[in-house]
Protein chains: 2
Amino acid sequence: MKNKILNLLKESDDFLSGEKISEVFGVTRAAIWKYINSLKEDGYEIESISRKGYRLLSSPDILTYEEIKDKLKTEFVGRKVYYYDSIDSTNKMAKDIAHNEKEGVIVVAEEQLEGRGRLGRHWESPKKKGIYFSIILKPQVPPMKVAKLTLLGAAAVYQALDEIGINSQIKWPNDIVVNGKKVCGILTEMSSELNMINHVVMGIGVNVNLEENDILEDLQHKATSLKIESKGKVDRKKLLAAILNKFENLYILFKDGGETSQAIEICRENSAVIDKEVQVFSGSSKRVGKALDINEEGELLVEFDGKIETVFSGEISIRGIDGYI
Amino acid sequence: MKNKILNLLKESDDFLSGEKISEVFGVTRAAIWKYINSLKEDGYEIESISRKGYRLLSSPDILTYEEIKDKLKTEFVGRKVYYYDSIDSTNKMAKDIAHNEKEGVIVVAEEQLEGRGRLGRHWESPKKKGIYFSIILKPQVPPMKVAKLTLLGAAAVYQALDEIGINSQIKWPNDIVVNGKKVCGILTEMSSELNMINHVVMGIGVNVNLEENDILEDLQHKATSLKIESKGKVDRKKLLAAILNKFENLYILFKDGGETSQAIEICRENSAVIDKEVQVFSGSSKRVGKALDINEEGELLVEFDGKIETVFSGEISIRGIDGYI
């Protein structure tokens with residue numbers, strides 16, 4: 001009911017009387033008054049003038065379904081949203097509910113208390129300054145093809161940033177960088193049998209409106225935010241919806257047969273890695289080579305001492321001006 | 001306390017007086033009487049004679065830690081047991097608790113209400129007639145090597161059956177057959193990041209003391225039980241402990257580097273598949289070929305029209321006398 005009243009207020013340019021709202025939904029005016037107060041608590045600015053009624057002045061900067069749905073063009077991605085003001089980790093929650101949910105369902109949180117990056121690393125998620133969400137997916141492809149899904153996510157974030165006027169690059173396989181510094185990371189996790197995927201959870205974290213002092217000092221040489229780089233606040237709702245829109249387009253091609261050529265093309269053309277000197281880590285070993293290309297399997301081709309090898313999912317760092325990032 | 005009293009009774013050949021037990025553990029004789037009754041409810045046959053005390057006559061056929069521990073030679077596999085009289089599925093429970101448990105922890109149930117085989121198929125689990133359990137594992141190997149773990153499980157079951165005098169064969173990759181009919185299936189599930197395993201859950205179901213009428217009629221041409229084939233009841237406790245013992249030996253070699261040569265050798269030498277005509281299913285396609293060998297990667301080598309291909313994790317059926325099984 002609260003969302004219904006919110007939608008009515010959003011659709012109306014002028015004041016809406018309590019009587020009118022009461023008529024439309026068949027609830028008492030006292031109940032309406034309660035819902036309006038609850039909306040105000042959520043951050044909605046609602047003017048109420050006796051005899052005239054209620055008018056929505058502004059909506060808060062929150063990533064609920066109500067706030068992004070007008071911008072969504074998707075069929076199923078993001079059409080059901082689990083929204084949390086604060087959570088331990090969106091990936092953790094998504095994994096917990098994945099068994100009973102359809103693909104495309106997302107878990108969004110304004111803050112993660114135990115946000116995680118790859119290999120169990122901490123991911124800083126300050127409140128309402130970033131976008132932190134996880135998508136539940138159930139593609140009909142062999143488990144071995146799942147590595148490619150991360151590239152779909154990376155390509156979608158690249159395209160979404162492009163749409164809002166921010167030029168970025170993709171640091172294969174799971175980071176997005178702006179001006180050489182990380183603004184987004186992707187953590188793909190999978191539950192599978194030997195030859196069948198149960199579900200995939202793809203977590204995406206974007207540093208949107210973080211200030212410099214929101215970024216740990218010893219990470220400042222390699223991490224940044226969209227606000228810092230574009231010198232202005234970025235609309236989180238628009239960006240989240242854009243990522244979901246772009247992702248669904250790419251995912252529809254992938255979900256039944258594993259088609260990824262479009263996503264890989266985007267990752268290749270906007271790569272932060274290709275033609276760069278890279279360090280490739282696997283386990284405790286580290287080797288230096290030159291990244292040449294991303295092949296059709298989504299693997300990175302790296303030249304080591306004149307010999308070309310494919311890197312499947314190792315971790316890499318790129319040689320920057322100030323050393324490897 | 002109940003288990004402590006049980007252990008004391010087990011260690012004692014003669015009657016133990018309530019006074020004595022009370023002295024050892026510092027609890028009242030009334031409390032002891034309650035614990036004894038609870039043990040009786042669990043199926044322990046305990047004789048009690050006034051002035052003499054309590055004596056354990058027999059233990060029930062249940063797969064609790066108390067009943068298998070004397071037979072365990074393992075360091076960590078099976079050293080913590082979640083035991084259920086009835087459960088939906090041991091794999092499901094193991095996946096739910098895996099995050100917070102160490103590797104080697106097992107979930108055992110006397111009955112599964114929603115037991116599953118591969119690809120979501122039903123696995124019939126009649127009460128106390130089979131062994132149904134799942135092992136939580138956290139190997140430090142790349143996710144791609146996990147397929148081999150199923151072969152470790154298969155090899156361990158083969159060895160355990162051999163130890164109790166039952167000759168079986170391994171139907172690559174996840175079934176054990178006796179006289180050409182299935183007696184055991186393995187369902188390996190994994191939760192992973194791109195290049196790191198979160199955890200693996202390996203579920204093993206063995207048809208131990210099922211009678212012919214416990215097996216669905218339309219499965220009787222391809223499924224059987226150890227009791228049916230060996231013409232006698234099999235000690236479930238002994239068999240479960242043997243599987244865990246054998247499995248740990250093979251797993252210790254695997255867990256840090258992925259070493260599997262011993263397990264693959266067992267699967268190869270006792271294969272129900274090698275040199276047989278097989279149907280290989282992948283998706284909706286079906287091809288007929290001849291199984292030649294299992295390679296070092298644990299893949300099946302199959303000859304189709306003179307060309308040798310490796311089969312990674314497709315499903316196969318073997319040509320038997322009465323058609324494919």
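The values are calculated or read from the model by the stated rules, or taken from the named source; none is laboratory data. Being a predicted model, the structure only gives us computed values, none of them experimental. Neighbour counts are summed over all protein chains in view; Cβ atoms, including those assigned to glycine, are modelled from backbone coordinates with ideal geometry.
Selection of region A:97-120 for residues being more than 18 Å from the chain's Cα centre (by Cα), under 29 Å from A:F281 (Cα atoms) and not small (G, A, S) yields only A:L119.
Taking the residues in region A:50-89 that are among the β-branched types (V, I, T) and without any contact (Cβ under 8 Å) to a residue 60 or more places away in the chain as candidates, determine which candidate is farthest from A:N245 (Cα to Cα). Spell out how you get there, then give the answer.
Here is the first cut: in region A:50-89, the ones among the β-branched types (V, I, T) are A:62, A:64, A:68, A:74, A:77, A:81, A:87.
This time we only want the ones that are without any contact (Cβ under 8 Å) to a residue 60 or more places away in the chain, so: A:64, A:81, A:87.
Details: A:T64: 16, A:V81: 14, A:I87: 24 Å.
That would be A:I87.
Collect the residues in region B:120-135 that are within 14 Å of chain A (Cβ to nearest Cβ) and in contact (Cβ under 8 Å) with a residue 60 or more places away in the chain, keeping them in residue-number order. Let's see the steps before the verdict.
In the first step, residues of region B:120-135 are kept if they are within 14 Å of chain A (Cβ to nearest Cβ); the result is B:120-121, B:123, B:134.
If the condition is that a residue be within 14 Å of chain A (Cβ to nearest Cβ) and in contact (Cβ under 8 Å) with a residue 60 or more places away in the chain, then B:W123, B:S134 are the ones that fit.
Residues that are modelled with pLDDT of 95 or more and either assigned by TED's automatic domain parsing to the domain that holds A:S261 or in contact with a helix residue (DSSP H, G or I) (Cβ under 7 Å, 6 or more places away or on another chain) (or both) are absent from region A:114-121. Within region A:140-153, take every residue that is surrounded by 22 or more Cβ atoms within 10 Å (Cβ to Cβ) and within 22 Å of A:K80 (Cα to Cα) and give me the one that is farthest from the other protein chains (Cβ to nearest Cβ). So, considering only residues that are surrounded by 22 or more Cβ atoms within 10 Å (Cβ to Cβ) and within 22 Å of A:K80 (Cα to Cα), the one farthest from the other protein chains (Cβ to nearest Cβ) is A:L152. Take the conditions in contact with a helix residue (DSSP H, G or I) (Cβ under 8 Å, 6 or more places away or on another chain), more than 24 Å from B:S38 (Cα to Cα), without any contact (Cβ under 8 Å) to a residue 40 or more places away in the chain and outside the structural domain of B:K40 (by TED's automatic domain parsing) and apply them to B:V105. Does it pass? Taking the combined requirement at face value, the residue satisfies it. For region B:169-179, give me the residue count where each residue is within 16 Å of B:K148 (Cβ to Cβ), more than 10 Å from every other protein chain (Cβ to nearest Cβ) and part of a loop (DSSP other than H, G, I, E, B). Qualifying residue count for the region: 1. Listed by first and then second residue, the pairs with beta-carbon distance under 7 Å, at least 6 apart or on different chains, first residue in region A:200-211 and under 20 Å from A:K95 (Cα atoms), second in a loop (DSSP other than H, G, I, E, B), are A:V200/A:P139; A:G205/A:G115; A:G205/A:W123; A:G205/A:S125.
Within region B:204-227, how many residues turn out to be outside any loop (DSSP other than H, G, I, E, B) and either within 20 Å of B:I97 (Cβ to Cβ) or of a type in the set (K, R) (or both)? The total comes to 3.
Just to be sure I understand, how many residues within region A:198-228 are surrounded by 19 or more Cβ atoms within 10 Å (Cβ to Cβ) and touching a strand residue (DSSP E or B) at 6+ places or on another chain (Cβ under 8 Å)? Give the derivation first.
Of the residues in region A:198-228, the ones surrounded by 19 or more Cβ atoms within 10 Å (Cβ to Cβ) are A:199-210, A:215, A:222-228.
Still in the running and touching a strand residue (DSSP E or B) at 6+ places or on another chain (Cβ under 8 Å): A:199-210, A:215, A:222-226.
Count: 18.
Of the residues examined, A:I215 is not one that is at pLDDT below 95 and within 14 Å of chain B (Cβ to nearest Cβ).
Scan region A:272-294 for residues that are part of a strand (DSSP E or B) and out of contact with any Leu (no Cβ under 9 Å at 6 or more places or on another chain) and the total you get is 10. Which of the residues that make up region A:3-27 are surrounded by fewer than 16 Cβ atoms within 10 Å (Cβ to Cβ) and either at pLDDT 95 or above or closer than 24 Å to A:K128 by Cα (or both)? If the condition is that a residue be surrounded by fewer than 16 Cβ atoms within 10 Å (Cβ to Cβ) and either at pLDDT 95 or above or closer than 24 Å to A:K128 by Cα (or both), then A:N3, A:N7, A:K10 are the ones that fit.
From B:L300, B:L292, grab the single residue that is at pLDDT below 95 and outside the structural domain of B:Y132 (by TED's automatic domain parsing). Please lay out each step first, then the result.
Numbers: B:L292 fails: at pLDDT below 95.
Within the list B:L300, B:L292, the selection yields B:L300.
Look at (1) of a type in the set (A, V, I, L, M); (2) outside the structural domain of A:I186 (by TED's automatic domain parsing); (3) buried (at least 17 other Cβ atoms within 10 Å of the Cβ) and you find that A:A30 fails only one, number (3). Restricted to region B:229-265, and to residues there that are among the charged types (D, E, K, R) and assigned to a helix (DSSP H, G or I), the residue that is surrounded by the fewest Cβ atoms within 10 Å (Cβ to Cβ) is B:E265.
Entry remark, region B:117-139: residues being part of a strand (DSSP E or B) and surrounded by fewer than 22 Cβ atoms within 10 Å (Cβ to Cβ) number 1 in total.
Pull up region A:180-203, narrow it to residues that are away from chain B (no Cβ under 14 Å) and either at pLDDT 95 or above or part of a strand (DSSP E or B) (or both), then point me to the one that is nearest to A:R116 (Cα to Cα).
A:C184
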